[in-house]
Amino acid sequence: MPQHVIKHAPSFSMLEVHLQAGEVLIAEAGTMVARATHLQMDVKLNAGRNVGFFGKLKALLIALIRKFIANETFFVNHFHSPQGGWIWLAPALSGGVRHIPLAGQTMLFSAGAFLASSGNVDLRLRFGGLRALFAREGAFFLEASGHGDLWVTSYGAVEEIYCNGSYIVDNGHIVGFDPSLDFRIRSAGGGALGFFASGEGLVCEFTGHGRILIQSRNLGALVGWLTPLLPG
């Protein structure tokens, strides 16, 4: 497992990873800040692990969907070196970076949450259905499984809570959750006036037992605040 430290959290987090000889770090394209000169970088299709020719074609199609619908890159960068080395990574938005150690379990994340991974971590797109669209998460979730280290990012700081029964989260604040949880989309409450005038709109009601990662800021709210200020 590579050594790492998260600097400047939670507002302007930057991930520093120290790779040992033979270790590989997979990072979202465009997130590198700096690296050791002897650290090599290979650009590869984000096709997951252990896929054949047809699997790569399918992954290419999904990557195109992620690019034009989920606004994600469909290439990832692989960093490695025979003698190891260090690298700094930072997300595009100001906010937190969260380390998720995986030991055989699976976790679901919102599109755009992935920053980097190391070890035998498999990343796939999982169809979330219409409820995911209404939750502003897009039609697909990112499913992470395997054994290794995963780093995810958010807009704002990341808060982890444990759902034990039911929990309501604003649909613009979800970073990730355990697949043992189910969720449904519902009004925030207050009838028609609450839906249109409260500013809350729709929320996600999770049920079951498991973790939920919540970001302290809402990207949709930022877009809504900036739009009137833009020229034209």
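Tabulated data
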item	result
Complete set of residues in region 74-85 that are surrounded by fewer than 16 Cβ atoms within 10 Å (Cβ to Cβ) and either modelled with pLDDT under 90 or of a type in the set (Phe, Trp, Tyr) (or both)	PHE75
Odd one out for ILE174 among (1) at pLDDT below 80; (2) of a type in the set (A, V, I, L, M); (3) out of contact with any Asp or Glu (no Cβ under 6 Å at 6 or more places or on another chain)	(1)
Unique residue being modelled with pLDDT under 85 and under 21 Å from PHE140 (Cα atoms) when the list is ILE185, ILE168, ILE212	ILE185
Residues located in region 6-47, provided they are part of a strand (DSSP E or B) and of a type in the set (D, E, K, R)	LYS7, GLU16, GLU28, ARG35, ASP42, LYS44
Odd one out for ARG35 among (1) in contact with a Gly (Cβ under 8 Å, 6 or more places away or on another chain); (2) at pLDDT below 65; (3) of a type outside the set (Gly, Ala, Ser); (4) at negative phi	(2)
Single residue of region 164-186 satisfying the filter (among the hydrophobic types (A, V, I, L, M, F, W, C) and surrounded by fewer than 20 Cβ atoms within 10 Å (Cβ to Cβ)) that is nearest to GLU205 (Cα to Cα)	ILE168
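The values are calculated or read from the model by the stated rules, or taken from the named source; none is laboratory data. This structure is a prediction, so every number in the text was calculated from the model and none was measured. Ideal geometry is used to build each Cβ from the backbone, glycine not excepted, and the neighbour counts take in all protein chains shown.
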